[in-house]
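Colleague: Below you will find the structure I want to go over with you.
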Amino acid sequence: MRPTVWFLGWLLGLLLAAGCPPARPAPQTPIQPGTPVRPGGPTVAWTRVSTAADLPPPPRPGSYQIHMIDVGTGLAILVRGADFAMLYDAGTNDRDERPMRVAAYLAAVLGPSGDELCVPEGSPPPTSRTRIDHVVLSHPHLDHASALDLVVHCYDVVRFWDSGRVNDTVFYRELLSGIAASTVTSYHTAASVPDDHAVEVKGLSVTLPRWERFSEGDTVELGAGARFRILHAEAKAHHDPNQNSVVLAVDLGGIKLLLVGDAESGDRKDPSYPPGDVEEFLIASHPEQIRADILQVGHHGSMTSSRRGFIEMVRPRLALISSGPKRYGKITLPDREVLDELGRVGATILRTDEHDAACPVTGRIGGDRGPGGCDSWVITIDQAAR
Ligand SMILES: [Zn+2]
Ligand SMILES: [Zn+2]
């Protein structure tokens with residue numbers, strides 16, 4: 001063998017032994033609004049909502065809506081069918097304003113409910129109460145929870161889901177106190193229920209009479225054709241409550257929605273780094289169930305989350321990012337690297353922060369002030385015509 005041929009063969013062998021990077025799956029074709037996501041399956045379409053006039057009519061039987069509410073900076077997602085309503089977080093950037101934007105949005109969609117605290121000052125108080133079947137707090141951070149005490153006050157919340165990780169803060173105590181005071185709300189945590197049904201928060205004991213425990217793997221029926229499965233239920237006090245995020249795989253007539261809250265892989269790193277923490281757990285424990293048509297992108301699109309290994313398992317067609325101008329530390333989210341990663345699998349990205357600097361319309365739900373309210377999104381799932 002001539003030396004050059006021998007050398008090239010040796011080099012090729014070395015490269016093969018070192019291992020070539022695995023082939024990346026081809027990106028999906030962009031989802032087309034109003035066409036079936038899979039042959040014969042439901043259609044998915046989406047619309048931006050700024051004013052009440054932009055809101056679609058309530059879902060008919062067999063149809064579903066996902067509302068990603070533009071709360072400024074935070075997360076609030078309302079899922080509706082003809083026979084149920086579920087709210088996943090209600091963080092809002094304007095806790096001191098009245099009405100809070102997220103409360104105004106819920107009133108616009110579900111109808112006014114509660115008392116004078118639940119409507120803008122000077123408006124007539126509502127005369128009835130509306131039911132929200134499920135409220136889920138992904139994890140006890142203010143940007144996910146700030147309006148939830150008001151929601152529990154204003155609506156008949158039937159079941160409240162919480163990781164059970166106590167955040168020793170006044171807002172979390174007020175939320176639990178509101179749940180305890182409700183005559184209709186049962187409280188569900190991944191934590192085991194203490195004999196006295198009491199929890200100590202910020203120097204006070206709160207007793208929750210209707211307290212039950214849930215577990216990873218539980219399936220909960222939402223309504224006709226809709227259910228959610230709990231993929232991550234973790235009550236123990238991690239250093240960062242983000243790691244307690246309650247992760248739900250929601251099935252809406254065959255369309256899969258993955259809600260991850262602020263679940264992370266670890267420190268802020270390029271998405272090419274291996275998944276860790278909750279994302280690694282989900283890949284290992286629920287590889288089938290995390291596959292989703294629609295993904296609520298973890299931690300507002302931060303590089304703490306959305307590692308390549310995770311995004312390639314989920315392979316979302318639609319990626320929902322709730323972010324805003326308020327900084328997390330020194331960082332304004334989402335991170336460009338995460339947007340690029342979502343683009344690589346062919347996901348269409350819907351964001352709440354597009355018009356934070358200047359909203360081109362007036363009459364925003366909740367008022368024309370501050371960021372938020374301009375870029376809410378409603379995703380509509382319909383059964384394809386046969
Ligand atoms: Zn957050
Ligand atoms: Zn958080």
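Derivation of every value follows stated rules applied to the coordinates shown; laboratory data play no part. Note that the structure is a prediction, hence the values are computed from the model and not measured. Reconstructed Cβ throughout: ideal geometry from the backbone, glycine too, with neighbour counts over all protein chains shown.
Colleague: As I understand it, the dipole of the chain uses +1 on the Cβ of Lys and Arg and -1 on the Cβ of Asp and Glu, about the Cα centre. Which of 243, 309, 284 lies farthest toward its positive end?
Modeller: 309
Colleague: Work out the charge dipole of segment 32-155 with +1 on the Cβ of Lys and Arg and -1 on the Cβ of Asp and Glu about the Cα centre, then indicate which of 56, 105, 75 is farthest towards its positive end.
Modeller: 56
Colleague: Taking the 0 to 90 degree range and rounding to the nearest ten, how far is the long axis of helix 101-110 tilted relative to the main principal axis of the chain, both from C-alpha atoms?
Modeller: Between the helix axis and the principal axis of the chain, the angle is about 80 degrees.
Colleague: Calculate for the chain the 222 nm mean residue ellipticity that helices alone would give, adding -39,500 (n - 2.57) per DSSP H run of length 4 or more and normalising by residue count, nearest 500 deg cm²/dmol. Spell out each step's value before the answer.
Modeller: Numbers: 8 runs with 74 residues, N = 386.
Rounded to the nearest 500, the figure is -5500 deg cm²/dmol.
Colleague: Compare the peptides 214-224, 362-372 by average per-residue count of other Cβ atoms within 10 angstrom and give them in order, highest first.
Modeller: Peptide ranking by packing, descending: 362-372, 214-224.
Colleague: How large is ³J(HN,Hα), in whole Hz, for each residue of segment 259-267 in order, when computed from phi with the Karplus curve 6.51 cos²θ - 1.76 cosθ + 1.60 and θ = phi - 60°, using x for Gly and Pro?
Modeller: Once θ is set to phi - 60°, the couplings for segment 259-267 become 10, 10, x, 10, 4, 10, 9, x, 5 Hz.
Colleague: Between residue 195 and residue 238, what length in nm is gained on full extension when 0.36 nm per residue of separation is reduced by their alpha carbon distance? Walk me through the numbers on the way to the answer.
Modeller: On the way: separation 43, 0.36 × 43 = 15.48 nm, distance 2.35 nm.
Result for the pair: 13.1 nm of gain on full extension.
Colleague: 5 Å is the cut-off here: which amide hydrogens, built 1.01 Å from N in the peptide plane, fall below it relative to residue 218, excluding neighbours closer than 5 in sequence?
Modeller: 230
Colleague: Can you spot the lysines whose alpha carbon is less than 19 Å from residue 269's alpha carbon? Ignore those fewer than 8 places along the same chain.
Modeller: 330
Colleague: Follow-up question, since we're still on this one. Using the crude model of +1 on Lys and Arg Cβ and -1 on Asp and Glu Cβ, and no other charge, please compute the dipole size for segment 175-295 relative to its Cα centre, in debye to 20.
Modeller: 300 debye
Colleague: While we're looking at this one, here's another question. With a 10 Å radius around each residue's Cβ, average the other Cβ atoms per peptide and rank 202-213, 348-359, 144-155, highest first.
Modeller: Working: 202-213: 14.4, 348-359: 18.0, 144-155: 24.8.
Ranked from most to least packed, the peptides come out as 144-155, 348-359, 202-213.
Colleague: If R₀ is 22 angstrom, what is the calculated FRET efficiency for the pair residue 205 and residue 98, using the beta carbon separation as r and rounding to 0.05? Kindly include the intermediate steps, with their values, before the conclusion.
Modeller: Working: r = 30 Å, r/R0 = 1.37.
So the FRET efficiency works out to roughly 0.15.
Colleague: Related question: Counting residues in segment 194-287 as N, plug N into 2.2 N^0.38 Å and put the Cα Rg over that result. Present the calculation step by step, with values, prior to reporting the outcome.
Modeller: Values: Rg = 16.2 Å, N = 94, 2.2 N^0.38 = 12.4 Å.
Scaled against compact globular proteins, the figure is 1.31.
Colleague: Further question: On the Cα set of segment 103-260, report Rg and Dmax in Å, please.
Modeller: Considering segment 103-260 through its Cα atoms, Rg and Dmax are 15.9, 46 Å.
Colleague: Say we join alpha carbon atoms closer than 10 Å with springs in a Gaussian network model of the chain; which of 163, 302, 272 then has the biggest fluctuation?
Modeller: Evaluated over the chain, the most mobile residue of the options is 272.
Colleague: Compute the whole-percent fraction of alpha carbon pairs in segment 268-361 spaced more than 15 Å apart. Can you show the working numbers first?
Modeller: Numbers: 2547 of 4371 pairs.
Distances greater than 15 Å cover 58 percent of the Cα pairs.
Colleague: Taking the Cα atoms of segment 63-105, report the difference between the largest and smallest coordinate on each principal axis, in whole Å and largest first.
Modeller: 34, 16, 12
Colleague: If you wrap the chain's Cα atoms in a convex hull and average its projection over all directions, what's the area in nm²?
Modeller: 23.4 nm²
Colleague: Shifting gears a bit: Please report, in debye to the nearest 20, how large the charge dipole of the chain is about its Cα centre when each Lys and Arg carries +1 at its beta carbon and each Asp and Glu carries -1 there.
Modeller: 1160 debye
Colleague: So for 121, 116, 279, 341, fewest C-beta neighbours within 10 Å to most, what's the order? Present the calculation step by step, with values, prior to reporting the outcome.
Modeller: Details: 121 8, 116 12, 279 28, 341 24.
Ranking 121, 116, 279, 341 by Cβ neighbours within 10 Å, fewest first, gives 121, 116, 341, 279.
Colleague: Right, here's the next one. Hey, what does the equivalent ellipsoid look like for segment 88-156, semi-axes from the Cα gyration tensor as sqrt of 5 times each eigenvalue, largest first, whole Å? List each step's numbers first, then the result.
Modeller: Details: eigenvalues 75, 40, 14 Å².
Rounded to whole Å, the semi-axes are 19, 14, 8.
Colleague: Kirkwood-based Rg over Rh for segment 57-194 (C-alpha set), two decimals?
Modeller: 0.95
Colleague: Evaluate E = 1/(1 + (r/R0)^6) for residue 362 and residue 213, where r is the Cβ-Cβ distance and R0 equals 51 Å; express this FRET efficiency to the nearest 0.05.
Modeller: Between residue 362 and residue 213 the formula returns 0.60.
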